[in-house]
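Asker: Supplied in structure tokens, the structure appears directly below.
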Amino acid sequence: MNTTSQNRSVAIHVSDLHQSYGSFEAVRGVSFTVAPGELFALLGTNGAGKTTTIETLEGFRRPTRGSVRIFGIDPFGQPPELRPRVNAVLQHSGLFEELTVTESIELARDLADDPMDTAEVLEAVVLADKARNTVRSLSGGERRRLDLGLAILTRPDVLFLDEPTTGMDPEMRRETWKIISSQVARGAAVVLTTHYLEEAERLADRLAIMHRGEIRVSGTVSEVVSQWGDRISFRLPSHIRSRELPELPGAELTIDVRGDHQWAVYTVTTGTDPATRTHHALLPLLKWAEERSLDLERLESRPASLEDVFLAVAQGDVTDLVDL
Amino acid sequence: MTTATAATPPASDSQTPRKPVSVLRQALRLTRTEFTLFYRYQMALYSAALPLIFLLPLSVFEPYDVLPGVDTTVLSLTWFFPIAALTVGLSHVPNVYAIRRERLILKRLRVSGVTPAAIFTSTVLSVFSVVVVQTVLVAALLAALKEVFPTAPVLFLVSLALTTVVMVLLGVLIANFARNGESAQIISMVPFFLLIMLSGLFVPVDLLPDGIAMTIGLLPMLPAVRLAQSAYLGYDLFDGISNAEAATGVDLWLAAGPSLLILVAWMVLLTLLLRIFQWDPRVNK
Ligand SMILES: Nc1ncnc2c1ncn2[C@@H]1O[C@H](COP(=O)(O)OP(=O)(O)OP(=O)(O)O)[C@@H](O)[C@H]1O
Ligand SMILES: [Mg+2]
């Protein structure tokens, strides 16, 4: 890929980013790109380095190693070419407590070039009935919405959203997803961090899961999940011991204890075709059960969820970096 | 190392051309907000009124003449002008910056495209407004009690403005080394008292050995006080009261030159140092 075409299709470029606090390395070799009109979700455990990565992209830190670029420009120190094109919702909001909602929006509007109308912003973030209240009096979720309103009103080409829906009720979270989607549809490159996996599943074009400063898994939601494997599980009949269970093609067996029962869990990861691999694993299992006249209780087969992958990453199971 | 490559570029990646908003426009807009906040936080009003306590001792002492037409009361009142800038600059500014950084207000402003220059300028403008109000009050007092009026108003205002800029920048720099509002206030005490002690009223600089007197003269406060007093009273006070001579017009400006230069040098130095200002409270803390 030559530089020109790269610049045209890449808004955010992070390459082998390292970031240290003294001797502690908070980010250890993170790389990803985000295109205009694309939402990239950065997931991960607490302290994984998500906010640190975003702060570097926002231009508040110089990488200790590696590089970050926004539209081909180094964002450190917020250079004038980037300043009007970038905005963010910080993990914690920093607002003037004594201003009203309207005053806060008007201040942000006057500080920007060609902003959205005040009424438009109030409506978008559903704060019209709080317009005259001071920021101090807002609830946690309302503050979050005001913060998002201030970030989108400059119509940024690059938008960083660090846990934008934390503290919101489920309905408001869905409203917020619509706002975020509309920013992506408008052509903004969005980096989102969240601890709500459903949010990432709904919004992310691609995602990465970080743990201890590294990206452990990345790709589209379906790539991440399908590479993780489908699950076949059933309650282990009481007279069957685990070593009597059959081997299934492409599947790995684990025994789970839930309550008073043991469960057999097969994870189907390899198979010629991801679409039919579970079918090919199930057949011999059912045949095995029929030969022994067993009824497999609570037999279930489902694809892995993002949560399965996240938990595996969090427990440190994913030590080999998975590249898709 | 893991790489996640970009998906295909979307149909519309034409970015809207955007002009950065001018520093002056942002600065003026922030100054306006500063006034709103000043009004809503009583603390800020208190800190604006604080310098006036330096006028209290005046009523206690019996005044005597130090120069023709200038008694100790007049001298103290003219001393007060730059002290107002020092007090607001070093008590209010470090506190506000440390608090706003800690609460991520500064970071929020920076990430939404506001320049450091606009933020610093808005502080200078709002502090200068407060200093001007106090100046008008004290000038009215001087006129009413002593019938003393400013001799060189332009030089007076220029030096007051320069003093304000230097004090505000110093205040911001102090905030850079403080973790929070409280520590900012404690840290700023040291330069505040140092500068006030060495501002010419308490320590008789004329009587100190040359080397020490010269060093004190290179700090911003003594030049600031001498500029304000000379411009207001129409004397060349730059070599101390004992060597004072009446001066006006070009002569006064020429005599003021070195002191003005010292303040400009401080302004340049502090502006350069402020490039290290950390907007994110987590960085290096
Ligand atoms: N100034 C600092 N000094 C020392 N360590 C720091 C500093 N700032 C951050 N860290 C550490 O760096 C690591 C990454 O922090 P970061 O805020 O990037 O995590 P995160 O992924 O955003 O976590 P969360 O999901 O909890 O917000 C954490 O372990 C944190 O304790
Ligand atoms: Mg974080």
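Asker: Quick one: how many residues across the range A:72-121 are part of a helix (DSSP H, G or I) and closer than 20 Å to A:ILE179 by Cβ?
Answerer: Residues that pass the stated criteria total 12.
Asker: Read through the list (1) surrounded by fewer than 16 Cβ atoms within 10 Å (Cβ to Cβ); (2) within 10 Å of another protein chain (Cβ to nearest Cβ); (3) at pLDDT 85 or above, then give the number of the only condition that B:ARG40 fails.
Answerer: (3)
Asker: For residues that are more than 16 Å from ligand 2 (Cβ to nearest atom) and either part of a loop (DSSP other than H, G, I, E, B) or crowded, with 17+ Cβ neighbours inside 10 Å (or both), tally how many sit in the range A:160-174.
Answerer: Selection size over the range A:160-174: 4.
Asker: Quick one: would you say B:ARG275 is within 16 Å of ligand 2 (Cβ to nearest atom), surrounded by fewer than 19 Cβ atoms within 10 Å (Cβ to Cβ) and within 14 Å of chain A (Cβ to nearest Cβ)?
Answerer: It is false that B:ARG275 is within 16 Å of ligand 2 (Cβ to nearest atom), surrounded by fewer than 19 Cβ atoms within 10 Å (Cβ to Cβ) and within 14 Å of chain A (Cβ to nearest Cβ).
Asker: Quick one: what pairs do we get from the range A:148-161, first residue under 8 Å from A:VAL86 (Cα atoms), second surrounded by fewer than 24 Cβ atoms within 10 Å (Cβ to Cβ) and among the aromatic types (Phe, Trp, Tyr), C-beta under 8 Å, 6+ apart or different chains?
Answerer: A:ASP157/A:PHE71; A:VAL158/A:PHE71
Asker: Scan the range A:123-142 residue by residue and report those that are in a helix (DSSP H, G or I) and within 21 Å of B:ILE105 (Cβ to Cβ).
Answerer: A:LYS130, A:VAL135, A:ARG136, A:SER137, A:GLY140, A:GLY141, A:GLU142
Asker: Moving to a separate point now. Could you go through the range B:228-245 and let me know if any residue there is away from ligand 1 (no atom under 16 Å from the Cβ), touching a helix residue (DSSP H, G or I) at 6+ places or on another chain (Cβ under 6 Å) and open to solvent by 60 Å² or more (accessible area, probe 1.4 Å).
Answerer: Checked against the condition, which is being away from ligand 1 (no atom under 16 Å from the Cβ), touching a helix residue (DSSP H, G or I) at 6+ places or on another chain (Cβ under 6 Å) and open to solvent by 60 Å² or more (accessible area, probe 1.4 Å), the range B:228-245 yields at least one hit.
Asker: In this structure, is B:VAL66 more than 30 Å from A:PHE160 (Cβ to Cβ), more than 24 Å from the chain's Cα centre (by Cα) and either without any contact (Cβ under 8 Å) to a residue 40 or more places away in the chain or away from chain A (no Cβ under 13 Å) (or both)?
Answerer: When the stated conditions are applied, B:VAL66 passes them.
Asker: Can you tell me which residues in the range A:102-136 are small (Gly, Ala, Ser) and within 13 Å of another protein chain (Cβ to nearest Cβ)?
Answerer: Selection gives A:SER104, A:ALA108, A:ALA112.
Asker: Considering only residues of the range A:143-159 that are part of a helix (DSSP H, G or I) and of a type outside the set (Gly, Ala, Ser), which is most open to solvent (accessible area, probe 1.4 Å)?
Answerer: A:ARG143
Asker: Which pairs have Cβ atoms under 6 Å, sit 6 or more apart or on different chains, and link a residue in the range A:267-294 that is in a helix (DSSP H, G or I) to one that is acidic (Asp, Glu)?
Answerer: Cβ pairs passing all conditions: A:THR278/A:ASP230.
Asker: Among the residues of the range A:82-94, count how many are modelled with pLDDT of 90 or more, open to solvent by 10 Å² or more (accessible area, probe 1.4 Å) and either of a type in the set (Gly, Ala, Ser) or away from ligand 1 (no atom under 16 Å from the Cβ) (or both).
Answerer: 4
Asker: I need the full set of residues from the range A:180-203 which are within 12 Å of chain B (Cβ to nearest Cβ), surrounded by fewer than 24 Cβ atoms within 10 Å (Cβ to Cβ) and either closer than 17 Å to A:ASP308 by Cα or within 16 Å of ligand 2 (Cβ to nearest atom) (or both), in order please.
Answerer: Result: no residue meets the conditions.
Asker: Just give me the residues in the range B:90-116 being within 13 Å of chain A (Cβ to nearest Cβ) and among the aliphatic types (A, V, I, L, M), in sequence order.
Answerer: B:VAL96, B:ILE99, B:LEU104, B:ILE105, B:LEU106, B:LEU109, B:VAL111, B:VAL114
Asker: Given the residues A:ARG62, A:ARG69, which is the only one that is assigned to a loop (DSSP other than H, G, I, E, B), more than 9 Å from chain B (Cβ to nearest Cβ) and either open to solvent by 10 Å² or more (accessible area, probe 1.4 Å) or away from ligand 2 (no atom under 16 Å from the Cβ) (or both)?
Answerer: A:ARG62
Asker: Can you confirm whether A:GLU38 is open to solvent by 40 Å² or more (accessible area, probe 1.4 Å), assigned by the TED database to the domain that holds A:ARG216 and charged (D, E, K, R)?
Answerer: Taking the combined requirement at face value, the residue does not satisfy it.
Asker: Take the range B:112-151 and flag every residue that is touching a Ser or Thr at 6+ places or on another chain (Cβ under 7 Å), open to solvent by less than 30 Å² (accessible area, probe 1.4 Å) and closer than 20 Å to B:MET221 by Cβ.
Answerer: B:VAL124, B:VAL127, B:VAL131
To keep it simple, each residue is scored yes or no on (1) within 20 Å of A:GLY59 (Cα to Cα); (2) in a helix (DSSP H, G or I); (3) modelled with pLDDT under 90.
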position	(1), (2), (3)
B:VAL96	no, yes, no
B:LEU106	yes, yes, no
B:LEU109	yes, yes, no
B:GLY113	yes, no, no
B:SER122	no, yes, no
B:SER126	no, yes, no
B:GLN134	no, yes, yes
B:LEU137	no, yes, yes
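Asker: Still on this structure, I have one more. Looking at (1) more than 9 Å from every other protein chain (Cβ to nearest Cβ); (2) in a strand (DSSP E or B); (3) open to solvent by 20 Å² or more (accessible area, probe 1.4 Å), find the lone condition where A:GLY47 falls short.
Answerer: The one condition A:GLY47 does not meet is (2).
Asker: So, A:ALA188, is that one of a type in the set (A, V, I, L, M, F, W, C), farther than 21 Å from A:VAL10 by Cα, touching a Lys or Arg at 6+ places or on another chain (Cβ under 9 Å) and more than 16 Å from ligand 1 (Cβ to nearest atom) or not?
Answerer: It is false that A:ALA188 is of a type in the set (A, V, I, L, M, F, W, C), farther than 21 Å from A:VAL10 by Cα, touching a Lys or Arg at 6+ places or on another chain (Cβ under 9 Å) and more than 16 Å from ligand 1 (Cβ to nearest atom).
Asker: Looking at this structure, is A:VAL27 β-branched (Val, Ile, Thr), under 17 Å from A:MET210 (Cβ atoms) and more than 16 Å from ligand 2 (Cβ to nearest atom)?
Answerer: no
Asker: Looking only at the range B:79-91, decide whether some residue is open to solvent by 10 Å² or more (accessible area, probe 1.4 Å), closer than 15 Å to B:PHE54 by Cα and more than 17 Å from the chain's Cα centre (by Cα).
Answerer: No, the range B:79-91 has no match at all.
Asker: Kindly evaluate A:ARG206 against the criterion of being within 14 Å of chain B (Cβ to nearest Cβ), within 16 Å of ligand 2 (Cβ to nearest atom) and crowded, with 16+ Cβ neighbours inside 10 Å.
Answerer: Judged against the criteria, A:ARG206 is not a match.
Asker: Among all residue pairs at least 6 apart or on different chains, which show Cβ distances below 6 Å where the first residue, located in the range A:52-71, is under 11 Å from A:GLN19 (Cβ atoms) and the second is small (Gly, Ala, Ser) and away from ligand 1 (no atom under 14 Å from the Cβ)?
Answerer: The qualifying pairs are A:GLY66/A:SER15.
The values are calculated or read from the model by the stated rules, or taken from the named source; none is laboratory data. Predicted, not measured: the structure shown is a model, and the values here were computed from it. With ideal geometry, Cβ positions are generated from the backbone for all residues, glycine too; neighbour counts draw on all protein chains shown. These area figures cover heavy atoms from the full protein model, side chains too; ligands, DNA and RNA do not enter into them. Shrake-Rupley method; radii C 1.70, N 1.55, O 1.52, S 1.80 Å.
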